[in-house]
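Structure first, then comments.
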Amino acid sequence: MTQQADRAAQAPGRIAARLGRIKPSPTVSLFGRVAELRAEGRSVIGLVAGEPDFDTPDNIKRAAIEAIKAGQTKYTPVAGTPTLKAAICTKFKRENDLDYTPDQVIAGVGGKHVIFNAFLATLSPGDEVVIPAPYWVSYPEMVTLCDGVPVIIPGRAERGFKLVPDDLDHAITPRTKWVILNSPSNPSGAAYTRDELRGLTQVLCRHPNVMVLSDDIYEHLTYGDFTFTTAAQVEPELYERTLTVNGVSKTYCMTGWRIGYGGGPRDIVKAMSSVQSHSTTNPTSISQAAAVEALNGPQDFIAENRAAFARRRAMVVERLNAIDGLECQEPQGAFYVFPSCAGMIGRKRPDGSTISNDENYVTYLLEEAGVGVVFGDAFGMSPYFRLSYAASDDVLRDACDRIAKASAALR
Ligand SMILES: Cc1ncc(COP(=O)(O)O)c(C=O)c1O
């Protein structure tokens, strides 16, 4: 960039004021830093991204290729093809016992887009959205971009990072528009049992003007004998004011295909459709065909992936807990662990500088050990970090060894 162009790029007033209220995604920028270090020739293990390391199953890829050959390359209805909407309705019935008709479901460009559409369609300035910490980095920023006010409920490690009914009750005000529930959670992996969820839904029943956004994107990634349930299923009274969000990214290893979906009240879905009609129009026609195959096709590979994730989770939790200064709970789901690094705070790096927060520790791990993880503050809870175990067993073993060695070098 020339100096002149650079000065123009910083011209005051050019960027909307609302952009000044948000931070770029720290997970995306850490992902970029890992790539930069690799480009410099450093050996770096990236455990930053929230995506399965498994490839998209072949039957799903074939469905996309067939769709191209069959000429499914044109605009589709905004909220999704009739075939995809039917597949989504069938999925909700089959897996969640939720009855939605096609006018109650919408497909978007990833779950992220669906959630963004929901906030853009419903939030007026000053409307509050209750977000339990630790939270997915995008929730507060999406709320802020849509003129809403994120109301963060501090997380409690001693409750397995799960929201408790009293805390929820206290956070709700007359301005509360939505409460977000995300189980299994990104970043903690915490997942609510039916009873735990019922404790929360009972509170929500007492607040009839509050809507519930249930982000179920990690639904199929739970371990042991855990049974997944979702808010509108556990409490039918909430059905009329719950948007149940899901997608194919995590379960079907399709992060790049960008298909997410939601089911909920007709007026909300119609308003979301209206927003979408002026932004992306439909999600990609070819990805929609692939998502139909994902939802309707063989599901047995999910159990195989789940078994691999469960094995990795056990290994990572054990190895991290063996490191002096770290404490790692074993979460019920997703593919993340969220260890405390409280024991590292105050220690000195070999160069004499002090680790004073989780971001310092994570930077140290990246620069010294060549392991990329995300600091807890990005998710609203310190001093922790998120490690994604969506990587091969060998890579994870190497990463844990590197973390152990670098941590032992702190004094
Ligand atoms: C909690 C949570 N919700 C939603 C999403 C959105 O996923 P996608 O937009 O790929 O469907 C993610 C992705 O990381 C996530 O972690």
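The values are calculated or read from the model by the stated rules, or taken from the named source; none is laboratory data. Just so you know, these numbers come straight off a predicted model, no measurement behind them. When we count neighbours, we look across all protein chains shown, and the Cβ atoms used for this are built from the backbone with ideal geometry, even at glycine. Please note that ligands, DNA and RNA were not included when accessible areas were found on the heavy atoms of the full protein model with its side chains. Shrake-Rupley method; radii C 1.70, N 1.55, O 1.52, S 1.80 Å.
Scoring GLY110 on the criteria (1) at positive phi; (2) open to solvent by 40 Å² or more (accessible area, probe 1.4 Å) leaves a single failure, condition (2). The residue that is farthest from ASP216 (Cα to Cα), among those in the stretch 125-143 that are open to solvent by 20 Å² or more (accessible area, probe 1.4 Å) and in contact (Cβ under 8 Å) with a residue 24 or more places away in the chain, is GLY126.
Restricting attention to the stretch 264-288 and to residues that are under 23 Å from the mean Cα position of the chain (by Cα) and aliphatic (A, V, I, L, M), the residue that is farthest from GLN72 (Cα to Cα) turns out to be ILE268.
Which is among the polar types (S, T, N, Q), within 16 Å of the ligand (Cβ to nearest atom), crowded, with 20+ Cβ neighbours inside 10 Å and not in a helix (DSSP H, G or I), of SER279, SER249? Within the list SER279, SER249, the selection yields SER249. Take the conditions open to solvent by 70 Å² or more (accessible area, probe 1.4 Å) and under 28 Å from SER388 (Cβ atoms) and apply them to ARG42. Does it pass? In short, yes.
So that you can scan it fast, the table gives a plain yes or no per residue for (1) closer than 18 Å to GLN332 by Cβ; (2) under 18 Å from the mean Cα position of the chain (by Cα); (3) at pLDDT 95 or above:
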{"position": "GLN202", "(1), (2), (3)": "no, no, yes"}
{"position": "ASP216", "(1), (2), (3)": "yes, yes, yes"}
{"position": "GLU219", "(1), (2), (3)": "yes, yes, yes"}
{"position": "PHE226", "(1), (2), (3)": "yes, no, yes"}
{"position": "LEU243", "(1), (2), (3)": "no, yes, yes"}
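Taken together, the residues in the stretch 18-66 that are assigned to a loop (DSSP other than H, G, I, E, B), closer than 18 Å to ILE259 by Cβ and more than 18 Å from the chain's Cα centre (by Cα) amount to 3. Return the residue satisfying two criteria in turn: it lies in the stretch 77-92 and is under 12 Å from ALA291 (Cβ atoms) and assigned to a loop (DSSP other than H, G, I, E, B), and of such residues it is least open to solvent (accessible area, probe 1.4 Å). Going through the qualifying residues, I end up with GLY80. Looking only at residues in the stretch 295-354 that are in a helix (DSSP H, G or I), touching a strand residue (DSSP E or B) at 6+ places or on another chain (Cβ under 8 Å) and open to solvent by less than 50 Å² (accessible area, probe 1.4 Å), the one that is nearest to the ligand (Cβ to nearest atom) is ARG313.
Against the test of being of a type outside the set (D, E, K, R), more than 14 Å from the ligand (Cβ to nearest atom) and either at positive phi or touching a residue at least 40 places away in the same chain (Cβ under 8 Å) (or both), the options ILE45, ILE65 yield a single qualifying residue, ILE45.
The condition of being under 30 Å from TYR389 (Cα atoms), in contact with a Leu (Cβ under 7 Å, 6 or more places away or on another chain) and among the aromatic types (Phe, Trp, Tyr) holds for PHE92. Can you say whether GLU237 is buried (at least 21 other Cβ atoms within 10 Å of the Cβ), over 22 Å from the mean Cα position of the chain (by Cα) and either in contact (Cβ under 8 Å) with a residue 12 or more places away in the chain or within 30 Å of ASP103 (Cβ to Cβ) (or both), as far as the supplied structure shows? The answer is no for GLU237. A single entry from TYR239, TYR218 fulfils the requirement of being among the aromatic types (Phe, Trp, Tyr) and in contact with a Gly (Cβ under 6 Å, 6 or more places away or on another chain): TYR218. Within the stretch 206-233, the set of residues being more than 21 Å from VAL269 (Cβ to Cβ) and either of a type in the set (A, V, I, L, M, F, W, C) or away from the ligand (no atom under 16 Å from the Cβ) (or both) comprises ARG206, HIS207, LEU221, TYR223, GLY224, ASP225, PHE226, THR227, PHE228, THR229.
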